[in-house]
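Participant: Sharing a structure here in structure tokens format.
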Amino acid sequence: MEMARTVTCYESDLNLKATELRLGLPGTDEPGKQPSAGIKSNKRAFNTVALQPDSEKGDQHSCSATKAQVVGWPPVQSYRKNVFQPKKVEAETAGIYVKVSMDGAPYLRKIDIKVYKSYPDLLSALEDMFKCTIGVYSEREGYDGSEYAPTYEDKDGDWMLVGDVPWEMFISSCKRLRIMKGSEAKGLGCL
Amino acid sequence: MMMNYFPDEVLEHVFNFLTSHKDRNAVSMVCKSWYRVERFSREKVFIGNCYAIDPERLISRFPRVRSLTLKGKPHFADFNLVPPDWGGFVYPWIEAMVKLGVHLEELRLKRMVVSDESLELLSRSFVSFKSLVLVSCEGFTTDGLAAIASNCRFLRELDLQENEIEDRRGHWLSCFPDSCTSLISLNFACLKGEVNLATLERLVARCHNLRSLRLNHVVPLDTLQKILGKAPQLVDLGAGAFVHDPDSETLNKLKNAIQKCTSIRSLSGFLEVAPCCLPAIYPMCLNLTSLNLSYAPGIHNNELIKLIRHCRKLQRLWILDVIGDKGLGVVASTCKELQELRVFPSDLYGVGNAAVTEEGLVAISAGCPKLNSVLYFCQQVTNAALITVAKNCPNFIRFRLCTLNPTIADPVTMQPLDEGFGAIVQSCKGLKRLSLSGLLTDQVFLYIGMYAEQLEMLSVAFAGGTDMGMLYVLNGCRKLKKLEIMDSPFGDVALLADIGKYETMRSLWMSSCEVTLGACKTIAKKMPRLNVEIIDEGDQMETSPDDRHRVEKMYLYRSLVGHRRDAPDFVRTL
């Protein structure tokens, strides 16, 4: 982050402009918005400093596209930032891949269930992937009436009907998925 | 002077009714005898800058002090602009109070460095110590907390807000003796480590006067349920983890316990949350006056909205921007008693996309007639919106608006935001605190100097065009106490125009501006009662500093005790 501060105390002597890191194609003087009259471009001017030297993508548009992390902006307490950070890292790196089998299909698939936000989301993706109809979940009847019913193996090794528990709980306990034929699944739905 | 014929006891009795520091300070300046009576009867002292005075002088003026509030680092330290080890140590204060026989009962610290040694000394030295409140402090571990728990026999309040505390895996909570039943307030939400849950339950059970309890993220929902069962008298609750199978017996018990907690007015926490469990707290929402969900990223937009629909009596709301403009519309139509709103950004490491815009703020301003304090992080704002907000809310005391892009113009007109903020200061005649952001020229400062007569604190970043900007503020804002400026083109002309002004203020911070070392030296030379500190983290000092050298960070504050003796190497006091 220190490279963001171009210390140009002897600006006229050292011609630091020549070596200044910025966004934008070489040869352009003022990338991004032209500030209106009366505004000097500051030493750490938000839209002319590239904090990641490899991002020379020639992006001359609004600075909200930069991942600029100027120290002190946005003015959020570092305590607050630290509280949120661990979660962010977790969310970005871990994906939860589970095998999906469908009765009658010749091979299995694998999906990342973390990508989905809710049951309807997941089920429509499964319907899409396997070209089948799973239908709508109901607490009483399960997927009764549908051609297929989605089930999953949980941490304890039991086969459960998809949809009974809260989504977050499902994500953390699902080990694999199996799309059962409706007729076979009747047993699960009737409990 | 009639009052001079009253015996001191009468004067003292009258002064007891004055609760604010400002009033007591004013009273002490009336005449010598009032000064004398006031100083011997003052029990609560507030020191806004711990380096403005030293403990010996303080205690000699107020020998009967029982409650001390101290603030250390400058505000911008919150945003990593001040290097670690800058200062703000509380140890010398505690040491002095011990030596001079102060009967300390309350200590409130903000942005100070608190060591375990200081906590141990504190705990062993003051027999009637009752209340410790630490806000945004650092330097201590759970060992220090263990000392407080073990030794402060009459402890009523242990309130830890947003501190960086090293967890030593001790059992600090178990250090409260079985005989401790005096706790009224316990807040350990910022602790990262485990606590013994059985110990916690027993502690809560025996402290019948417990009013405020804020748990950390490791305390699970079933412990919460047991605690609520034992403490139905709670007024303020911070939930830890709020995750459970919604169809469980535990959740039913929780619902029953909540029914009995009819006094809860303030709710916070939910550091981990399963949204399906939230309906359990709806009964609590009806009477809530304060709700802080700004540390609950697990609650999504629609659940937030459902919850807020129950909160008709809310006066204070701290929330994440996941609520969105539409959600703020729901707040506006539901929370008619709302006085304070803070909307924090949830996406801190991404590309910087806030989920709220000026629309949300406008809705709130239209729907909440009692609104007087706002902190709002948003994607963008327009002059038109700010003008509307100003018209709707002439009663703002605090107004802080942060656009995620600090130099963004009005997206509709492409103009600077001068007119918008100008409208705010013109309309809100009682405005005491203001933070600006967005594209801003000297014009906004002209407005601030002209209209912001009650302004005490101003925060500026990436704003202004010439020295005139800063001059308008220094010349105009008679009540200015704290001015903090980053990345703005203000230089020596502005800095030196009226250096006497700085003695009327608590402090001035300027970083990444245009002020030079020479100008800072000038001030230091002419004003012995100002400390001018330069923070230099690079190697500027080694390469024989020239007075024309631009100063990266300057912190200037009035002080009655001269240069501080605990400044680290990178701080140079001129």
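The numbers here are math on the coordinates, done by the rules we state, and not lab data. Bear in mind the structure is a predicted one, so any value in this text is a computation, not a measurement. Note: ideal-geometry Cβ built from the backbone for every residue, glycine included; neighbour counts use all protein chains shown.
Participant: Using the 2.2 N^0.38 Å rule of thumb for compact globular proteins, work out how segment B:78-143 stacks up: its C-alpha Rg over that value, please. Show your work: numbers first, answer last.
Facilitator: Values: Rg = 12.4 Å, N = 66, 2.2 N^0.38 = 10.8 Å.
That works out to 1.15 for segment B:78-143.
Participant: Treating only the Cβ of Lys, Arg, Asp and Glu as charged (+1, +1, -1, -1), what charge dipole size does the protein assembly as shown show about its Cα centre? Round to the nearest 20 debye.
Facilitator: Numbers: 92 positive and 91 negative charges, 546 e Å.
Computed charge dipole of the protein assembly as shown: roughly 2620 debye.
Participant: Let me know the mean shielding of B:405-412 by other chains, meaning the per-residue number of their Cβ atoms within 10 Å of its Cβ. Walk me through the numbers before you get to the answer.
Facilitator: Working: counts 11, 10, 11, 6, 4, 0, 1, 0.
For this peptide, the per-residue mean of nearby foreign Cβ atoms is 5.
Participant: Which listed residue (B:515, B:490, B:471) has the Cα farthest towards the positive end of the charge dipole for segment B:455-558, taking +1 on Lys and Arg C-beta and -1 on Asp and Glu C-beta about the Cα centre?
Facilitator: B:471
Participant: Using a cut-off of 11 Å between beta-carbons, work out the net charge of the residues near residue B:234 (Lys and Arg +1, Asp and Glu -1, residue B:234 not included). Could you put the intermediate results ahead of the total?
Facilitator: Details: positive: B:211, B:214, B:230, B:260, B:265; negative: B:236.
Net charge in that neighbourhood comes out at +4.
Participant: In 20 Å bins starting at zero, report the fraction of Cα pairs in chain B per bin as a rounded %.
Facilitator: P(r) over chain B, rounded to whole percents: 19, 49, 31, 1.
Participant: Take the alpha carbon gyration tensor of segment B:158-228, find the square roots of its eigenvalues, order them as a ≥ b ≥ c, and report rounded if a/c is under 1.5; if not, report prolate when a/b exceeds b/c, else oblate.
Facilitator: Working: a/c = 1.41, a/b = 1.32, b/c = 1.07.
Here segment B:158-228 falls in the rounded category.
Participant: Something else now. Residue B:10 to residue B:25: extension gain in nm, 0.36 nm per residue of separation minus the Cα-Cα distance?
Facilitator: Full extension from residue B:10 to residue B:25 adds 3.6 nm.
Participant: State, to one decimal in nm², a quarter of the convex hull surface area for the C-alpha atoms of segment B:403-480, i.e. the direction-averaged projected area. Working shown, then result.
Facilitator: Values: hull surface 18.3 nm².
It is 4.6 nm².
Participant: Okay, moving on. Rounded to whole Å, give me the distance from the Cα center of segment B:165-226 to that of segment B:480-540.
Facilitator: With segment B:165-226 and segment B:480-540 each reduced to a Cα centre, they are spaced 45 Å.
Participant: Just how many % of Cα pairs in segment B:476-574 lie over 19 Å apart, if you round to the nearest whole percent? Intermediate values should be presented prior to the final figure.
Facilitator: On the way: 1825 of 4851 pairs.
The proportion of pairs with Cα distances above 19 Å equals 38 percent.
Participant: Moving to a separate point now. Given charges of +1 on the Cβ of Lys and Arg and -1 on the Cβ of Asp and Glu, with all other atoms neutral, how large is the dipole of chain B about its Cα centre, in debye to the nearest 20?
Facilitator: Numbers: 66 positive and 64 negative charges, 488 e Å.
The dipole of chain B has a size of about 2340 debye.
Participant: Place a point 7 Å from Cα of residue B:547 in the direction of its Cβ. Which residues in segment B:490-529 have their backbone N less than 11 Å from it?
Facilitator: In segment B:490-529, the label zone of residue B:547 (backbone N under 11 Å from the point 7 Å along Cα→Cβ) covers B:517-523.
Participant: With each label point set 7 Å from Cα along the Cα-Cβ vector, what nm distance links residue B:481 and residue A:101?
Facilitator: It is 7.1 nm.
Participant: Mean residue ellipticity at 222 nm from the helices of the protein assembly as shown, using -39,500 (n - 2.57) per DSSP H segment of n ≥ 4 over the full residue count, to the nearest 500 deg cm²/dmol? Spell out each step's value before the answer.
Facilitator: On the way: 25 runs with 229 residues, N = 765.
Calculated at 222 nm, the ellipticity per residue is -8500 deg cm²/dmol.
Participant: Follow-up. Do you know the relative contact order of segment B:499-574, to the nearest whole percent, from alpha carbon pairs under 8 angstrom that are 6+ apart? Before the final figure, lay out each step's value.
Facilitator: Working: 124 pairs, mean separation 33.1, N = 76.
Answer for segment B:499-574 is 44 percent.
Participant: Still on this model: To check my understanding: the extent here is largest minus smallest coordinate of the Cα atoms along each principal axis. What are those three numbers for the protein assembly as shown, in Å, largest first?
Facilitator: Cα spread of the protein assembly as shown along its principal axes, largest to smallest: 95, 75, 50 Å.
Participant: Given that compact globular proteins tend to follow 2.2 N^0.38 Å, what is the ratio of the alpha-carbon Rg of segment B:339-395 to that value? Working shown, then result.
Facilitator: Values: Rg = 11.8 Å, N = 57, 2.2 N^0.38 = 10.2 Å.
Working it through for segment B:339-395, the quotient is 1.15.
Participant: Right, something else. Given contacts defined as C-alpha pairs under 8 Å and at least six residues apart, what's the relative contact order of segment B:1-40, whole-number percent?
Facilitator: Relative CO of segment B:1-40 lands at 36 percent.
Participant: Do you know the relative contact order of segment B:204-254, to the nearest whole percent, from alpha carbon pairs under 8 angstrom that are 6+ apart?
Facilitator: On the way: 66 pairs, mean separation 22.6, N = 51.
Relative contact order, segment B:204-254: 44 percent.
Participant: State, to one decimal in nm², a quarter of the convex hull surface area for the C-alpha atoms of segment B:236-305, i.e. the direction-averaged projected area. Display every interim value, and only then the final one.
Facilitator: Values: hull surface 17.2 nm².
The directionally averaged projection comes out at 4.3 nm².
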